[in-house]
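Asks: Below: one structure in structure tokens.
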Amino acid sequence: MAIVTLTTDSGESDFYVAAIKARILSVNPGLNIIDISHKIGPCDIAHGAFVLRSVFRDFPRGTVHISGVDATGNKGEDYIAVSLDEHFFVGADNGLFGLISDKQPQSIVALNKINPLATTFPERDIFAPAAAKLASGVNITTLGTTTPQFKKMMDRQVRATRKMISGHVIRVDNYGNLLTNIPRDAFENISKGRSYTIQFGGEKVKRVQASYNQVDQGECFLLFNSLGLLEIGIYKGNASQLLGMGYDSPVSITFED
Amino acid sequence: MAIVTLTTDSGESDFYVAAIKARILSVNPGLNIIDISHKIGPCDIAHGAFVLRSVFRDFPRGTVHISGVDATGNKGEDYIAVSLDEHFFVGADNGLFGLISDKQPQSIVALNKINPLATTFPERDIFAPAAAKLASGVNITTLGTTTPQFKKMMDRQVRATRKMISGHVIRVDNYGNLLTNIPRDAFENISKGRSYTIQFGGEKVKRVQASYNQVDQGECFLLFNSLGLLEIGIYKGNASQLLGMGYDSPVSITFED
Amino acid sequence: MAIVTLTTDSGESDFYVAAIKARILSVNPGLNIIDISHKIGPCDIAHGAFVLRSVFRDFPRGTVHISGVDATGNKGEDYIAVSLDEHFFVGADNGLFGLISDKQPQSIVALNKINPLATTFPERDIFAPAAAKLASGVNITTLGTTTPQFKKMMDRQVRATRKMISGHVIRVDNYGNLLTNIPRDAFENISKGRSYTIQFGGEKVKRVQASYNQVDQGECFLLFNSLGLLEIGIYKGNASQLLGMGYDSPVSITFED
């Protein structure tokens, strides 16, 4: 069964998500709909992009991913379908898709250009049928008018020199763990076995663990997680609360000579 | 695959929802179970009815909808299966189904009358098997004893004169948007192009937008939403919090002569 | 379709749950994945065990249940697959599986022993493929090295004499109802028709109802629920808040001579 995933900021107390699913199944009842999350912060493109880029490649190639995060987009922004990194994406051209992969998109089409439909609920009325058609094998170029590019926003960057790497917390997860944007690659390329000090929230730590359970309960751990990113936590505790850190808090690594 | 939807007030931290699904699949493993919401307020029939009536018609005809909102009902109320508006509904006869459609039900049967089962968990023990059978093609009249009507409650009404429409907020959604019960039909029939003033929470507004993104960030918008109902919001803000309005807050439209 | 269930403490705002599902479907796209709950308290083994043991038997025999609660486990604990009570379970050997059934496990295998994979995300990288294989008919003994037992923890026990039963609240559910560990069996065996007084949070009650709706709104009810356990609630109210009781609050029944 072909898969359509949903990532929205619609919450779970309303009819919105079910309406999207009903529309998808009315186009093709054989599709397998998988929820990624409906708890993205309202219009929080950074949150939505982080979640989607962290997981979309785990799905089979050709999976169709609907983004219902800031689904209406800003005035004048199109609704688009994109073929990117061997997956399909459907949503508003609000910058989210520009944050999920460094690859060049293979195709971008603007939806709702031919016989445009006026709707306040594009997830249901435009994204759902387009996604269902893509998942059913319809060629993306037949869904709209080809367009050369989508909106690109600058993502928060890591700064790295021979002496130092500076990054930020990009996500506080359900456990209160602090996921940073500092990648293992940069760390290993720069450290070359040198000693180092990791600084965050008034703490200074001189080593990284291999797993969550290698410190005692209530102690701070640092590790490179399954995304290859530096993560800070308190074993069986809530690091965000206990360290007073949150989204955007700075984290740096200084290397000794 | 035939579809069974679930709308409950059971939350997502307990075993209740999974037990309902397991029972449905034990009757027919080929059914497709779609969650509408499990975050209906405890025993909040108005919330459950609003969500279910807003979405059930988006599903294919013949879809079976379980309501596990106030599932036990009040003392003496039956459990029922209903054929209504080309869909099936199963739940307590607590008034919820009377709020979801103006159509006359085609059939109503009282469940659990023949060899009644004593259970504190009717969603699992009575609704799930009845719904699974309906979705598998079993005739509704074989599931129980035919009964002439279900409980009808008065829904909160809109008052409309030539000069004024008075309604209320019937739902604050995940975005903090205020969904009212004022329908576009009534507005257009009465306004006939006249100027008007919409009043709510101390604000007076003289126009309605066509889409969410036609005002600047932080500004108030009003539109007729995908349900055809007047909706008030703050673009990229939380209108409920910022305007101090909630469920039941009054909204009125006054027309000039 | 064979079923794989998920019970985790991962929440619903991150990519974790979707990553587990994607991995399962990449092994066998025909599996039916059912969420039990992702709202288990972080590393709360008692909560996870209560939910899983309350529902797993409602699923068809042979269903595979992944526990992603405290998924990493403590240092030195294995990842295991277990055949128990005609179902399969996959997770960390952190004591959770020892709390879900009194039956003896038929098979236990330690996963990730042959060519062990270093991962900080065992739910996705170890549990998901093992569960997908089990659900696809692979023999459990081929998945790892047979091991004689899993971790057993003492569950909170009920104390019962001829004169008295003492128990505790083991779960506050979504409605604020207080589920205790006092079983109907023990109550009936000891009471033998004698009068009794149930004490909890300063209240004394001398009878048990058969259903939730047999008291007036706002009044306290006690019943033996669908799990056969004594449950205390306020009809259409939140007993936990109104009685000031929560997890672990004592509840006792004293029998008259």
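Asks: Do any residues in segment A:13-28 that are more than 8 Å from chain B (Cβ to nearest Cβ) have Cβ atoms under 7 Å from those of residues that are basic (K, R), where the two are at least six apart or on different chains, and which pairs are they?
Replies: A:I20/A:R124; A:V27/A:K133
Asks: State which residue is nearest to the chain's Cα centre (by Cα) when the search covers only segment C:10-67 and only residues that are surrounded by fewer than 24 Cβ atoms within 10 Å (Cβ to Cβ) and among the acidic types (D, E).
Replies: Only one residue fits best here, namely C:D44.
Asks: Let me ask something additional. I'm checking my understanding of the structure. Among residues of segment B:216-228 that are buried (at least 18 other Cβ atoms within 10 Å of the Cβ) and within 16 Å of B:G176 (Cβ to Cβ), which one is nearest to the chain's Cα centre (by Cα)?
Replies: So, considering only residues that are buried (at least 18 other Cβ atoms within 10 Å of the Cβ) and within 16 Å of B:G176 (Cβ to Cβ), the one nearest to the chain's Cα centre (by Cα) is B:N225.
Asks: Check every one of the strands (runs of 3 or more DSSP E) wholly within segment A:182-256 and list those with 1 or more residues that are within 25 Å of C:G41 (Cα to Cα).
Replies: Numbers: elements: A:196-200, A:203-205, A:220-224, A:229-234, A:250-255.
Hits in segment A:182-256: A:220-224, A:229-234.
Asks: What is the one condition in (1) more than 24 Å from C:I3 (Cβ to Cβ); (2) at pLDDT below 95 that B:M1 does not satisfy?
Replies: (1)
Asks: Name, by its number, the condition in (1) within 28 Å of B:I33 (Cβ to Cβ); (2) in contact with a Phe, Trp or Tyr (Cβ under 9 Å, 6 or more places away or on another chain); (3) not in a loop (DSSP other than H, G, I, E, B); (4) not aliphatic (A, V, I, L, M) that does not hold for B:K133.
Replies: With (1) within 28 Å of B:I33 (Cβ to Cβ); (2) in contact with a Phe, Trp or Tyr (Cβ under 9 Å, 6 or more places away or on another chain); (3) not in a loop (DSSP other than H, G, I, E, B); (4) not aliphatic (A, V, I, L, M) applied to B:K133, the lone miss is (2).
Asks: Cβ-Cβ distance below 6 Å, separation of 6 or more or different chains: which pairs start in segment C:37-60 with a residue that is over 13 Å from B:V17 (Cα atoms) and end on one that is modelled with pLDDT under 95?
Replies: C:C43/A:K236
Asks: How many residues does segment C:177-230 contain that are within 28 Å of B:Y79 (Cβ to Cβ) and not hydrophobic (A, V, I, L, M, F, W, C)?
Replies: Number satisfying all stated conditions: 19.
Asks: If you don't mind, there's one more thing I want to ask. Quick check on segment B:206-237: of everything there that is touching a Phe, Trp or Tyr at 6+ places or on another chain (Cβ under 8 Å) and within 16 Å of A:Y16 (Cβ to Cβ), which residue is farthest from the other protein chains (Cβ to nearest Cβ)?
Replies: Filtering segment B:206-237 for residues that are touching a Phe, Trp or Tyr at 6+ places or on another chain (Cβ under 8 Å) and within 16 Å of A:Y16 (Cβ to Cβ), the one farthest from the other protein chains (Cβ to nearest Cβ) comes out as B:G233.
Asks: Specify the residue that is surrounded by the fewest Cβ atoms within 10 Å (Cβ to Cβ); the eligible residues are those in segment B:99-111 that are farther than 24 Å from C:Y212 by Cβ and in contact with a strand residue (DSSP E or B) (Cβ under 7 Å, 6 or more places away or on another chain). Explain how you work it out, then say what you get.
Replies: Looking only at segment B:99-111, we keep the residues that are farther than 24 Å from C:Y212 by Cβ, and these are B:101-107.
Adding the requirement that they be in contact with a strand residue (DSSP E or B) (Cβ under 7 Å, 6 or more places away or on another chain) leaves B:101, B:103, B:105-107.
On the way: B:S101: 19, B:K103: 9, B:P105: 18, B:Q106: 12, B:S107: 16.
The extreme case among them is B:K103.
Asks: State whether one or more residues within segment A:128-135 are small (G, A, S), more than 14 Å from chain C (Cβ to nearest Cβ) and without any contact (Cβ under 8 Å) to a residue 60 or more places away in the chain. Steps first, please.
Replies: As a first pass, look at segment A:128-135 and keep what is small (G, A, S): A:128, A:130-132, A:135.
When the remaining residues are screened for being more than 14 Å from chain C (Cβ to nearest Cβ), the result is A:128, A:130-132.
This time we only want the ones that are without any contact (Cβ under 8 Å) to a residue 60 or more places away in the chain, so: A:130.
The answer is yes, given that some residue of segment A:128-135 is small (G, A, S), more than 14 Å from chain C (Cβ to nearest Cβ) and without any contact (Cβ under 8 Å) to a residue 60 or more places away in the chain.
Asks: Okay, moving on. Give segment B:124-146 a look and list any residue that's in contact with a strand residue (DSSP E or B) (Cβ under 6 Å, 6 or more places away or on another chain) and buried (at least 18 other Cβ atoms within 10 Å of the Cβ), or say none.
Replies: Matches in segment B:124-146: B:I126, B:F127, B:A130, B:A131, B:L134, B:A135, B:I140, B:L143, B:G144.
Asks: Can you name every residue in segment C:103-149 that is in contact with a helix residue (DSSP H, G or I) (Cβ under 8 Å, 6 or more places away or on another chain), at pLDDT below 95 and of a type in the set (K, R)?
Replies: The answer is none; no residue qualifies.
Asks: Considering A:S67, A:S54, which residue is away from chain B (no Cβ under 14 Å), touching a Phe, Trp or Tyr at 6+ places or on another chain (Cβ under 7 Å) and farther than 30 Å from B:V69 by Cα?
Replies: Values: A:S67 fails: farther than 30 Å from B:V69 by Cα.
So the residue among A:S67, A:S54 that is away from chain B (no Cβ under 14 Å), touching a Phe, Trp or Tyr at 6+ places or on another chain (Cβ under 7 Å) and farther than 30 Å from B:V69 by Cα is A:S54.
Asks: Looking at (1) crowded, with 18+ Cβ neighbours inside 10 Å; (2) farther than 21 Å from C:F97 by Cα, which is the only condition C:T180 fails?
Replies: Among (1) crowded, with 18+ Cβ neighbours inside 10 Å; (2) farther than 21 Å from C:F97 by Cα, C:T180 violates only (2).
Asks: Would a scan of segment C:52-62 turn up a residue that is farther than 18 Å from C:H87 by Cβ and modelled with pLDDT of 95 or more?
Replies: Initial filter on segment C:52-62 (farther than 18 Å from C:H87 by Cβ): none.
No: segment C:52-62 contains no residue that is farther than 18 Å from C:H87 by Cβ and modelled with pLDDT of 95 or more.
Asks: Further, regarding this structure: With surrounded by fewer than 15 Cβ atoms within 10 Å (Cβ to Cβ) and touching a residue at least 24 places away in the same chain (Cβ under 8 Å) as the only criterion, which of A:I170, A:I114 stands out? Lay out the reasoning, then the answer.
Replies: Numbers: A:I170 fails: surrounded by fewer than 15 Cβ atoms within 10 Å (Cβ to Cβ).
A:I114 is the lone residue from the list that is surrounded by fewer than 15 Cβ atoms within 10 Å (Cβ to Cβ) and touching a residue at least 24 places away in the same chain (Cβ under 8 Å).
Asks: If a residue must be acidic (D, E) and at the interface with chain A (Cβ under 7 Å from one of its Cβ atoms), how many such residues does segment C:3-12 contain? Steps first, please.
Replies: The first filter runs over segment C:3-12 and keeps only residues acidic (D, E), leaving C:9, C:12.
Retained after the next criterion (residues that are at the interface with chain A (Cβ under 7 Å from one of its Cβ atoms)): C:12.
Residues meeting the conditions: 1.
Asks: Residue under question is C:L178, and the condition is that it be at the interface with chain B (Cβ under 9 Å from one of its Cβ atoms) and under 22 Å from the mean Cα position of the chain (by Cα); does it hold? Walk me through it before giving the result.
Replies: On the way: at the interface with chain B (Cβ under 9 Å from one of its Cβ atoms): no; under 22 Å from the mean Cα position of the chain (by Cα): yes.
No.
Asks: Here are A:N32, A:N28: which of them is polar (S, T, N, Q), in contact with a helix residue (DSSP H, G or I) (Cβ under 6 Å, 6 or more places away or on another chain) and farther than 21 Å from C:F121 by Cβ?
Replies: On the way: A:N32 fails: in contact with a helix residue (DSSP H, G or I) (Cβ under 6 Å, 6 or more places away or on another chain).
None of the others qualify; the one that does is A:N28.
Asks: Please go through segment B:142-167 and pick out each residue that is closer than 21 Å to B:G95 by Cα and not in a loop (DSSP other than H, G, I, E, B).
Replies: Taking segment B:142-167 and keeping what is closer than 21 Å to B:G95 by Cα, we get B:143-158.
Selection gives B:T145, B:T146.
Asks: Of these, B:I66, B:I80, B:I100, which one is touching a helix residue (DSSP H, G or I) at 6+ places or on another chain (Cβ under 7 Å) and in contact (Cβ under 8 Å) with a residue 60 or more places away in the chain?
Replies: On the way: B:I80 fails: touching a helix residue (DSSP H, G or I) at 6+ places or on another chain (Cβ under 7 Å); B:I100 fails: in contact (Cβ under 8 Å) with a residue 60 or more places away in the chain.
Only one candidate passes the filter, namely B:I66.
Asks: Residue under question is A:G91, and the condition is that it be closer than 30 Å to A:S252 by Cα, crowded, with 20+ Cβ neighbours inside 10 Å, in contact (Cβ under 8 Å) with a residue 24 or more places away in the chain and small (G, A, S); does it hold? Step through it out loud before you land on a result.
Replies: Details: closer than 30 Å to A:S252 by Cα: no; crowded, with 20+ Cβ neighbours inside 10 Å: yes; in contact (Cβ under 8 Å) with a residue 24 or more places away in the chain: yes; small (G, A, S): yes.
When the stated conditions are applied, A:G91 does not pass them.
Asks: Then there's this: Under 6 Å between Cβ atoms, which residue pairs at least 6 apart in sequence (or on different chains) link something in segment B:231-242 that is among the hydroxyl-bearing types (S, T, Y) with a partner that is crowded, with 22+ Cβ neighbours inside 10 Å and assigned to a strand (DSSP E or B)?
Replies: Sorted first by the residue in segment B:231-242, then by its partner, the pairs are B:Y235/B:F221.
Asks: Another question, then. On the basis of being over 22 Å from C:L117 (Cβ atoms) and within 11 Å of chain A (Cβ to nearest Cβ), does C:N32 make the cut? Let's see the steps before the verdict.
Replies: Values: over 22 Å from C:L117 (Cβ atoms): yes; within 11 Å of chain A (Cβ to nearest Cβ): yes.
Here the answer is yes, as C:N32 does meet what is asked.
Asks: Now for a separate question. Would you pick out the residues in segment B:191-222 that are at pLDDT 95 or above and among the β-branched types (V, I, T)?
Replies: B:T197, B:I198, B:V205, B:V208, listed by residue number.
Asks: Exactly one of these conditions fails for A:E86: (1) charged (D, E, K, R); (2) more than 10 Å from chain C (Cβ to nearest Cβ); (3) in contact (Cβ under 8 Å) with a residue 40 or more places away in the chain. Give me its number.
Replies: (3)
Asks: Which members of segment B:192-212 meet the condition of being surrounded by 15 or more Cβ atoms within 10 Å (Cβ to Cβ) and in contact (Cβ under 8 Å) with a residue 60 or more places away in the chain?
Replies: B:Y196
The values are calculated or read from the model by the stated rules, or taken from the named source; none is laboratory data. Just so it is clear, the model here is predicted, and its values are computed rather than measured. Don't worry about glycine lacking a Cβ; one is built from the backbone with ideal geometry, like all the others, and counts go over all protein chains shown.
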